[in-house]
Each structure stands twice: as C-alpha cells, then as structure tokens.
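Here the structure is laid out as structure tokens; the discussion comes afterwards.
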C-alpha cells in the first residue's frame, strides 16, 4: 500500500514539474498584488523559481510574512510589502520600495481580488462598490503607478528592446452570466477592458505588453471553497468538458508563458485557463437519445427521398 502511495505521489510530482527552463526570468523583478496566498502566491513562487526576484503585496501582515518566509526557503529573493491596491498612496509607496530594493521592475501581476456569493437583489451598493474598487480600480491604480518603472525597458515601437509586462488576473464569469456574482462579473469585465486598452496604448508607446489570465474554478483556494466550486462541479459532471478543478500551478504556468520569450508577441489577450468549463451548458439530450433521433431521421430520409415530386416536373 505504501509503495503504491509513494508511486502515485512521485508521478504527481513529475506531472507538476515545470516545462520551462529554470532561468528564463533571471534578472527580472516582479511585483505581485495579492501574492501572499492562493493563485497569487503560486504565481509569485513560480516566477521566483524561474529566476525572478519577487515583491509580494497584500493587506494582511501575517499572510505576507508567511508567504515571504516560504518563498525564501525555496531560494527565492522575496520581500513582503503591506498595502491596499485601492489606495493610490499605498501603490506609489510599494512600487517605490520594490524598485529601491531590486533596482528595477519588469513584471506587474494584479492578482488582488474580492468576491462572495449574493443574489443581486440582496447586494448593497457598498458591497458592489467594494468588489469594483478592489478588482477594477485597484488594477488600474497599480498599472498606472507602475508605468514609470515598466517603461524603462522599452522606448516605443522603434526600439527592439522588450519593455515591461502586466498580467491582470481576470475570470470567465462575464463571458455568459454567472449566478449570484453580478459584482465580480462587472468588475472582471472592466479588468478585461483595461487589459485591452492599456495593451493598445502602452504597447505602441512603450513596448509594454498587457495581458490577462482568466482562471476557472481552481482547487485549494479560498475562492473555490467560498464560492462552492466543488459542489457545482459535482452537479455539473455531465456538462463540463474536462470535469475537474484546475490547480494553482496551471495558472502560474500560464503566467510564466506570458512572461517568457515564448509570449513576446502576445499583447492584449486574456488567456482562458479553465479546461473549457465556461463553454459548458446543460445537456439537452443524452448521447443515446441523439443517436436514436439520428437513426430515425435517417430511416425517414430513406423512405421519403428528398427532391421534387414527379408530378411537379
């Protein structure tokens, strides 16, 4: 039994090994808002494992301290900076601290977010505003204040050097509609618009690429447990293409792809990483019923050939 368990976890470890070279981000510096836990932490860890120095931003000091300790234990140069993305003064201070510590900023990841389930009729304007402020306004504030650091790497379209990179963590909620998340859906729709607009302007003027990642339900995150992702997936087994929760590693690998030379010509795109879940809809007919219906139609076609009746010729 123990041998089987060890074999399973060894295979699992091999599956999770990064496909990227360990030094692809050597010399780069990343600032990750919301980088102390969940998806943000995994992105921080993978950027660091691949050579980047990382400044982790968050509101809770104890979470930051634990994250930085864990990152440093893996040999990653990391610092924790306490602040709120909704506050411009915090953004200015944190980016300045990161720049003073590491001497440059190449990558900004906006992973700070807020969400909770609530029927629209029960959602207060203040609750709606809070999520908009964290996700949308906070993303814009961080991008705006990071610009002067990110644009140092490139000076316009005629300069062959590569400028900075912004990755905005979005969602798929607003691609159709999602129950009881009108606030987060609106906020992430705005994030996607920010991504495209900045990619257009800052790509042309400063060689800064701005992209997004839209995760689906990700296992072992506060969001998945708070939003009941596991229960929803269980009830949706027949309708979900790959039928499984994603992993934080999946999102971090997408971020690495965008940050590496492999993604150097990608700009203004929000990469969906959800196994096709957002495409799902209730199955109207079973596969067996579809087969029976197809056979019935085929039989009728054979008995009544399609064409113009002879009497009409």
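The values are calculated or read from the model by the stated rules, or taken from the named source; none is laboratory data. All values derive from a computational prediction rather than experimental measurement. Quick reminder, even Gly has a Cβ in these numbers, built from the backbone with ideal geometry, and neighbours come from all protein chains shown.
The lone criterion from (1) closer than 14 Å to residue 35 by Cα; (2) at pLDDT 95 or above; (3) within 20 Å of the chain's Cα centre (by Cα) left unmet by residue 114 is number (2).
Each row is one residue, and each column tells you yes or no for (1) buried (at least 24 other Cβ atoms within 10 Å of the Cβ); (2) under 16 Å from the mean Cα position of the chain (by Cα); (3) closer than 17 Å to residue 108 by Cβ.
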residue	(1), (2), (3)
32	yes, yes, yes
41	yes, yes, yes
44	yes, yes, yes
57	yes, no, yes
61	no, no, no
66	no, no, no
75	no, no, no
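Against the test of being assigned to a loop (DSSP other than H, G, I, E, B), modelled with pLDDT of 95 or more and surrounded by fewer than 20 Cβ atoms within 10 Å (Cβ to Cβ), the options 84, 133 yield a single qualifying residue, 84.
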